[in-house]
Each structure stands twice: as structure tokens, then as C-alpha cells.
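Here the structure is laid out as C-alpha cells; the discussion comes afterwards.
The values are calculated or read from the model by the stated rules, or taken from the named source; none is laboratory data. On a predicted model such as this, the values are computed, not experimentally measured, just so you know. No Cβ is skipped: glycine too gets one built from the backbone with ideal geometry, and neighbour counts run over all protein chains shown. Protein only, heavy atoms only, side chains kept; ligands, DNA and RNA dropped before computing areas. Shrake-Rupley method; radii C 1.70, N 1.55, O 1.52, S 1.80 Å.
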Amino acid sequence: MITASNTQSRFFNIDLISVGIFILLVIIGWGNVVSATLSYDNEFKFDLNEIYIKQLLWIGLTVPIILGIFSLNSKVYERFASIFYGISLLSLAGLFVAGKTVAGQTCWYEFGGFSIQPSEFAKVATSLAIAKFVSDVQINLKNFNHQISVLVIIILPVILIFFQPDPGSMLVYSVLFLVLYREGLPAWYLWAGFFAIFLFYLTLVFDAIYVVGGLGVGLLYFVYLYFQQRRARINMPLVLMIFALLVGYVFSISFVFNNVFKPHHRDRFNILLGKEVDLKGTGYNTNQSEIAIGSGGWHGKGFLEGTQTRGDFVPEQHTDYIFTIVGEEWGFLGASLVILLFSGLILRIIYLSEKQKNNFNRIYGYCVAAIFFVHFLINVGMVLGVMPTIGIPLPFFSYGGSGLWSFTVLLFIFLKLDANKINDW
């Protein structure tokens, strides 16, 4: 039974450092939304048609969300993780029937002029499902069947998001494999993933035939070393099968890139790799974001004084490119502060995760840290021009209720679990 005193004690146990960083990030983030969307005459209006007022409304609604999270018994999130996951899958599938399509993407439900993006909340449900499955005492991630099961948990929402399509949200799920590695997944999966990324990069830079030629030279060198040392028997059929799989993977990259990727996706990768320079077309956003950040210097130009921001030179600046405002108006020092706040929050979550006595709490905490990390890394890397533009929000900064609420739910479920480490069910 939940009593007022129990709920109050759980709030007293909440990690104040994490809450403090959360509040700072939300306040700074809203300030940047204001800077990106305030009219050029700097006239502040309390009008729901204004983006910065809508964002303020979303921020205000995080308070009852947090209260709701803390009013529930902490065991609810573990016991009903599978139900939350199932609901998230249904919400993603329902988009193909009742979803709203914007710029070729069917990612939102629309209710009375407001939109909800279920893929944001699916990250929370998937994290809970992974934590529930892996924390089971009978689960061993060195077991192949268990590996397949947890892979299915991750892949199902990815497949549904793929057909929306929303490549940015899809990419987020890949970081959850780092959590599985922490929990006992064999290391070769991780190295195979890194090698696959490396081959992907090589195939985009060079022609696939040259990459395959390099793999062939590597195979011959491997066989040569084997016959030179003769230390163990070599399973040649297995080696040839792996080589064939690698060759197939390389040619599939080339085929998918040229025939499945949309032209603007190909252009973004080509610009990142230096194969194309299109400062007025596909490369315009990245070029303008680099100019905006670079113009801030050490101290920045000051709040509402950013010429690139006020002149609307950077498209989508209140969403995916909002970090450019930090760089322009607050300079290197302000951008460094924001980076330190995000790094501090992620490290704090990892620290608290390691202190958990409950495996479910620990695994979920690592999922939270991983999701925050990949969003932060890719978004900042994107605006700095070191990663391709894929449309991924910066937590607590980018405009939008779905993103703000999902990141809030993601964080405060973990803080609720941490605040009540002792089994209270």
C-alpha cells in the first residue's frame, strides 16, 4: 500500500546531484529554444502559438510526470516491463494505420494540434524489457538461445521504426549492445560490430571491389602465417565461410547505399567523407552550424545576440541543431559547460547503477546512460560536422514534448529505482 509518508521518504532519497543537473539542462535548453524562436524584435509573447511557450508548457507537464513516477511502487517497473514493451510495439505498429506523415516520415500521432512520437517512449519500454529479461537468474548471455532472445527484444522496435522511416531513432538502439556486453555478452560480438562499422566506412570511401581485394590479401596472409607457424589445425571451411560472409556484407553495403538509401542520405555521407562539397544544398545545414559555432569564439556573443541564430541561417535550429546556439551565444566556455553537464549526468547514472543491489535496477541504469550518451554524442558530432546529419535530438534541449517527456521518464524511473533500493513490494 502506498502512503503519503512512503512517497515523501522516496523523494527524500532521490539523488539530488542528478536532479540538479536535470534542472540546469532543462533551463539552459529552454533558454536556447527561446533564442532560436523569439521574433526578431525580441518581443516575448505568452501565446501558445509561440514555440518557446509550447516548450515551457511541456516543461511544466514534466512535474506531474515525475510525481506520477514516484507515486508508483518501484517494483511496478520490473513486474510490468513486458506489458510496457508490448504497448510500445503496438503504438509503433499503429502509426501505419493512424500516424501523421511529415516530410515522408510517419512518426507521430496527432491529437488536437499536438503530436506524440511513440518511438521516443519505446526507448524507455525497450530498456525496461532488456533489464527484465537479462536480470532473470536463469538467463546467461553466453548461451546462444538467450542471445537470440535479447536480440529480438532490440530488433522488433527497430524494424517498426525502419519502415516509418526514422534512421536516427533506429541508431539509438544499437548502443544497447554495450549494456549487454557489460552484462556478459561475449566480447567478439562487440569487436564484430566495430569491424562491421570499419568495413562500412571503407566501402563508402573506396569501391567495394577494392575492399574485397583487401580482405582477400588479408586471408592469404592469414593462411601464410598458419603454414609458417603450424601451431594448430586450421578449420579452412570455417575460414572460407567467414570470408564469404564478409564479401557478401561489403557488396550489400554498396548495393544498399546506392539503391536503398535516399539521395539526401547518400549526399550527407558523401559530404561527411569529403567526397562532395555542396554548401548550398545538402551540406548547407552543417556548413552553417559550423559557422555559427565558430563565430562564438571563447565567450560567445551573448543571449539573443547571435547573428547566425537571429538571422535564421541555420535550419531546424530549435530542434536538431540547437547546440549551435550554445556555441554562438555562449562560446567555447558555454559549450564546454553544457558538455560537462551531460558528461556529469551520464557518469552519475553509471556510478549509481554500480551501487544497485538489484540486477534489474543496474541493467536499466546502464541502458539509461547508454541512450543519453548516444544522443549527446551524435547530436553534438552532427552539428560539429564530424558525424552525418541523421536527425537525432539533444536531450532536454531540442524542442518537442515527446523527446522531453521520454528523456524525463527514462531518467526519473531510474532515480525512483535508486531512491528505493530496498525491495518494498
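Look at segment 109-138 and say how many of its residues are open to solvent by less than 50 Å² (accessible area, probe 1.4 Å) and either over 18 Å from Ser353 (Cβ atoms) or in contact with an Asp or Glu (Cβ under 7 Å, 6 or more places away or on another chain) (or both).
Looking only at that region, the number is 10.
Which residues, counting only those in segment 157-175, are assigned to a helix (DSSP H, G or I), over 16 Å from Gly99 (Cβ atoms) and touching a helix residue (DSSP H, G or I) at 6+ places or on another chain (Cβ under 6 Å)?
Listed by number, the residues that qualify are Val158, Met170, Val172, Tyr173.
Anything in segment 32-53 that is more than 24 Å from Ile349 (Cβ to Cβ) and assigned to a helix (DSSP H, G or I)? List them, or say none.
Scanning segment 32-53 gives Val33, Val34, Ser35, Ala36, Thr37, Ile51, Tyr52, Ile53.
For segment 369-393, how many residues meet the condition of being farther than 19 Å from Asp166 by Cβ, part of a helix (DSSP H, G or I) and open to solvent by 10 Å² or more (accessible area, probe 1.4 Å)?
Selection size over segment 369-393: 2.
Between Leu67, Leu56, Leu24, Leu61, which is modelled with pLDDT of 95 or more, open to solvent by 40 Å² or more (accessible area, probe 1.4 Å) and either assigned to a helix (DSSP H, G or I) or among the polar types (S, T, N, Q) (or both)?
When all the criteria are applied, what remains is Leu24.
Out of the residues in segment 82-98 that are in contact (Cβ under 8 Å) with a residue 40 or more places away in the chain and touching a strand residue (DSSP E or B) at 6+ places or on another chain (Cβ under 8 Å), which is nearest to Val172 (Cα to Cα)?
Leu95
Among (1) over 23 Å from the mean Cα position of the chain (by Cα); (2) assigned to a helix (DSSP H, G or I); (3) of a type in the set (A, V, I, L, M), there is one condition Ile14 misses while meeting the rest; what is its number?
Here Ile14 meets the rest and fails (2).
Which residues, taken from segment 193-215, are of a type in the set (Phe, Trp, Tyr), open to solvent by 80 Å² or more (accessible area, probe 1.4 Å) and within 30 Å of the chain's Cα centre (by Cα)?
Matches in segment 193-215: Phe194, Phe195, Phe198, Tyr201, Phe206.
Filter segment 318-345 down to the residues that are within 18 Å of Phe373 (Cα to Cα), open to solvent by 20 Å² or more (accessible area, probe 1.4 Å) and in a helix (DSSP H, G or I) and list them by number.
Ser336, Leu337, Ile339, Leu340, Leu341, Ser343, Gly344
Does segment 116-128 contain at least one residue that is aliphatic (A, V, I, L, M) and part of a strand (DSSP E or B)?
Checked segment 116-128: at least one residue is aliphatic (A, V, I, L, M) and part of a strand (DSSP E or B).
Ser402: in contact with a strand residue (DSSP E or B) (Cβ under 7 Å, 6 or more places away or on another chain) and closer than 20 Å to Trp108 by Cα, yes or no?
yes
Rundown of residues vs (1) in contact with a Gly (Cβ under 8 Å, 6 or more places away or on another chain); (2) over 20 Å from Ala192 (Cα atoms); (3) at pLDDT below 75; (4) open to solvent by 40 Å² or more (accessible area, probe 1.4 Å), yes/no style:
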site	(1), (2), (3), (4)
Val217	no, no, no, yes
Phe227	no, yes, yes, yes
Ala232	no, yes, yes, yes
Leu238	no, no, yes, yes
Ala244	no, no, no, yes
Val247	no, no, no, no
Asn259	no, yes, yes, yes
Glu276	yes, yes, yes, yes
Gly283	no, yes, yes, no
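When you look at Ile413, is it free of Cβ contacts under 8 Å to residues at least 40 places away in the same chain, touching a Phe, Trp or Tyr at 6+ places or on another chain (Cβ under 8 Å) and within 23 Å of Ile66 (Cα to Cα), yes or no?
When the stated conditions are applied, Ile413 does not pass them.
Return the residues of segment 92-108 that are surrounded by fewer than 20 Cβ atoms within 10 Å (Cβ to Cβ) and part of a helix (DSSP H, G or I); say none if nothing qualifies.
Hits for segment 92-108 are Ala93, Gly94, Phe96, Val97, Ala98.
Checking the structure you have, find out if any residue of segment 354-364 is under 13 Å from the mean Cα position of the chain (by Cα), farther than 28 Å from Thr309 by Cα, free of Cβ contacts under 8 Å to residues at least 40 places away in the same chain and part of a helix (DSSP H, G or I). Reasoning before the result, please.
Pass one, segment 354-364, residues under 13 Å from the mean Cα position of the chain (by Cα): none.
Within segment 354-364 (the criterion being under 13 Å from the mean Cα position of the chain (by Cα), farther than 28 Å from Thr309 by Cα, free of Cβ contacts under 8 Å to residues at least 40 places away in the same chain and part of a helix (DSSP H, G or I)), the answer is no, since none of the residues qualifies.
Quick test of your reading of the structure: Val150 fulfils all but one of (1) open to solvent by 10 Å² or more (accessible area, probe 1.4 Å); (2) assigned to a helix (DSSP H, G or I); (3) aliphatic (A, V, I, L, M). Name the failing condition by number.
(1)
Considering each residue of segment 170-192, count those that are touching a residue at least 60 places away in the same chain (Cβ under 8 Å), within 16 Å of Leu141 (Cα to Cα) and open to solvent by 60 Å² or more (accessible area, probe 1.4 Å), and give that number.
Within segment 170-192, residues that are touching a residue at least 60 places away in the same chain (Cβ under 8 Å), within 16 Å of Leu141 (Cα to Cα) and open to solvent by 60 Å² or more (accessible area, probe 1.4 Å) number 2.
Farther than 30 Å from Ile153 by Cβ and out of contact with any Leu (no Cβ under 6 Å at 6 or more places or on another chain), is that true of Gly68?
no
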